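A.B. asks: Following this message is one structure expressed as C-alpha cells.
The values are calculated or read from the model by the stated rules, or taken from the named source; none is laboratory data. Bear in mind that the values here come from a model prediction, so they are computed numbers and not experimental data. Neighbour counts run over all protein chains shown; Cβ positions are idealised from the backbone, glycine included. Side chains included, ligands, DNA and RNA excluded: accessible areas come from the protein's heavy atoms. Shrake-Rupley method; radii C 1.70, N 1.55, O 1.52, S 1.80 Å.
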Amino acid sequence: MKRWLRITLQLLSFLLFAALLWWAGPEPWQQALRGDRLALLLALLAHGAAGMVSGARLRQVAQGLMRRPVASWRRFFYLNMGARALGLVLPRTLSAVGGKSAALRALNVPLQHAVWVVLVDNLFDVLLLGVLALPALLYLQGVISAALFYLLCLILILLFGGVMAWLLATHRLLPLLRQLTRIPWLARRVKLDQLQKLLPDTKTAVITLAWTVLLNLLLTLTYVLIAQALRITVPFALMLAVFPIAQLSLIIAIAPGGLGIFDLGWLGLLVLGGLPQMSATTFTVAQRAYITVFVLIWTAVSWALSLTERPSNRET
C-alpha cells in the first residue's frame with residue numbers, strides 16, 4: 001500500500017472512532033465507571049488466561065516448526081502480551097507480525113523462520129474464524145437457532161481439524177505452499193524453498209487448533225463478562241457469533257488496534273443480532289477502554305513473570 005493511501009486510511013479510521021465517541025456521548029463512560037467490580041475482575045482474569053493460552057500456542061507452533069525447545073511459556077506469555085501492548089499504538093502488521101518476529105529472533109530463532117512461525121500462528125486464527133463465520137452470520141440473521149448454531153460450530157471445527165490433519169499427514173499442503181512464492185511481500189522476507197520442510201506435523205497442528213479454540217472461547221467469555229459488568233444482557237451465543245466476524249475485520253483494519261473499523265464492526269453486528277442500539281454503543285465504547293486497561297495490566301504481569309526465570313533456564 002502506498003504511503004499516502006495508508007495514512008489517509010488511518011486518518012479515516014481515527015475519524016470514524018472519534019465520530020462514534022461523539023455520537024455515543026458521555027453515557028458509555030459513565031456506565032463503564034460504574035461497572036460491576038466482580039464481573040470486571042472475572043473479565044480481567046479471562047483475558048489474562050487468553051493471553052497465556054495465546055503464548056502457549058505460539059510456543060507450540062515455534063517448537064513444533066523448529067523441532068527443538070525454544071523458550072519457556074513465561075517468555076512466550078511476555079512476548080505475546082508485549083505485542084498486544086504495541087498493538088495499542090502501532091498498526092497490527094507491525095505489532096503482531098513484526099513485533100513477535102523480532103522477539104522470536106531475540107530467542108535465537110532465525111528471522112526468516114521467526115516470520116514463518118508468526119504467520120502460521122496467525123493462520124490458525126484466521127482459518128478457524130473463517131470456518132465459524134458462516135454459521136455466525138446465519139445465527140445473526142435469525143436463520144438458525146442458538147442450539148443449531150452451537151452444533152454447526154462443533155461440527156465445522158471437527159471437520160476442519162480432520163481435513164487439516166489429513167492434508168498434513170499426506171503432504172498435500174506442499175503444492176499450496178509453493179504458490180505462496182507469488183506473494184512479493186512474503187517472498188522477500190521468507191525463503192519458502194527452505195521452509196517447505198517447516199510445515200507443522202499432525203500432532204502439532206491438532207494441539208495448536210485445540211489451543212486456538214480455547215483461546216477464542218476465553219476471549220468471547222471476556223466480552224460476555226464485560227457486558228455483564230455494564231449490566232447489559234448479551235446471550236453467549238450472540239457474542240460467540242459476533243466475535244469471529246468482528247475479529248476478521250482486523251485483517252483490513254490498518255489503524256492501531258483496529259481503531260474505527262473494529263469498533264464499527266462490533267456495533268453493527270450487535271445491532272444486527274438484536275441488541276438495542278444504545279446498549280450496543282455503550283458496549284462498543286466501554287469494551288475498548290476495558291480491553292486497553294486489561295492489556296496493560298497483563299503486559300506488566302507477564303514482564304514480572306519473565307523476571308522470575310533464570311537466563312539459563314530455557315524450558316519450564
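A.B. asks: Quick one: ARG92 ticks every box in (1) basic (Lys, Arg); (2) open to solvent by 10 Å² or more (accessible area, probe 1.4 Å); (3) farther than 30 Å from THR282 by Cβ bar one, so which box is it?
C.D. replies: (3)
A.B. asks: Out of all the residues in the stretch 243-283, which are touching a Leu at 6+ places or on another chain (Cβ under 6 Å) and assigned to a loop (DSSP other than H, G, I, E, B)?
C.D. replies: ILE254, GLY260, GLY273
A.B. asks: Something else now. Quick one: which of LEU21, LEU45, LEU15, LEU11 is closer than 30 Å to ALA106 by Cα and either surrounded by fewer than 21 Cβ atoms within 10 Å (Cβ to Cβ) or in contact with a strand residue (DSSP E or B) (Cβ under 9 Å, 6 or more places away or on another chain) (or both)?
C.D. replies: Step by step, each of LEU21, LEU45, LEU15, LEU11 is checked, and only LEU45 is closer than 30 Å to ALA106 by Cα and either surrounded by fewer than 21 Cβ atoms within 10 Å (Cβ to Cβ) or in contact with a strand residue (DSSP E or B) (Cβ under 9 Å, 6 or more places away or on another chain) (or both).
A.B. asks: For the stretch 49-58, state whether one or more residues are in contact with an Asp or Glu (Cβ under 7 Å, 6 or more places away or on another chain) and part of a helix (DSSP H, G or I).
C.D. replies: Looking for residues that are in contact with an Asp or Glu (Cβ under 7 Å, 6 or more places away or on another chain) and part of a helix (DSSP H, G or I), one finds at least one in the stretch 49-58, hence yes.
A.B. asks: Also: Might you let me know whether the stretch 127-137 holds any residue that is touching a residue at least 24 places away in the same chain (Cβ under 8 Å), under 25 Å from VAL293 (Cα atoms), open to solvent by 20 Å² or more (accessible area, probe 1.4 Å) and under 21 Å from the mean Cα position of the chain (by Cα)?
C.D. replies: Among the residues of the stretch 127-137, not one is touching a residue at least 24 places away in the same chain (Cβ under 8 Å), under 25 Å from VAL293 (Cα atoms), open to solvent by 20 Å² or more (accessible area, probe 1.4 Å) and under 21 Å from the mean Cα position of the chain (by Cα), which makes the answer no.
A.B. asks: Could you list, in sequence order, all residues of the stretch 1-28 that are modelled with pLDDT of 70 or more and not in a helix (DSSP H, G or I)?
C.D. replies: GLY25, PRO26
A.B. asks: Check off (1) more than 17 Å from ILE291 (Cα to Cα); (2) of a type outside the set (Asp, Glu); (3) buried (at least 23 other Cβ atoms within 10 Å of the Cβ) for TYR223 and give me the number that stays unchecked.
C.D. replies: Among (1) more than 17 Å from ILE291 (Cα to Cα); (2) of a type outside the set (Asp, Glu); (3) buried (at least 23 other Cβ atoms within 10 Å of the Cβ), TYR223 violates only (1).
A.B. asks: Examine the stretch 68-78 for a residue that is in contact (Cβ under 8 Å) with a residue 12 or more places away in the chain and among the hydroxyl-bearing types (Ser, Thr, Tyr), and state whether such a residue exists.
C.D. replies: Checked the stretch 68-78: at least one residue is in contact (Cβ under 8 Å) with a residue 12 or more places away in the chain and among the hydroxyl-bearing types (Ser, Thr, Tyr).
A.B. asks: Do any residues in the stretch 12-28 that are under 13 Å from ILE261 (Cβ atoms) have Cβ atoms under 8 Å from those of residues that are charged (D, E, K, R), where the two are at least six apart or on different chains, and which pairs are they?
C.D. replies: Listed pairs, sorted by first residue: LEU16/ASP263; PHE17/ASP263; LEU20/ASP263.
A.B. asks: Would you say VAL115 is within 23 Å of GLY257 (Cβ to Cβ), over 15 Å from the mean Cα position of the chain (by Cα) and open to solvent by 10 Å² or more (accessible area, probe 1.4 Å)?
C.D. replies: When the stated conditions are applied, VAL115 passes them.
A.B. asks: For residues that are of a type in the set (Ser, Thr, Tyr) and either at pLDDT 90 or above or in a loop (DSSP other than H, G, I, E, B) (or both), scanning just the stretch 72-107, find the one that is farthest from ASP125 (Cα to Cα).
C.D. replies: SER72
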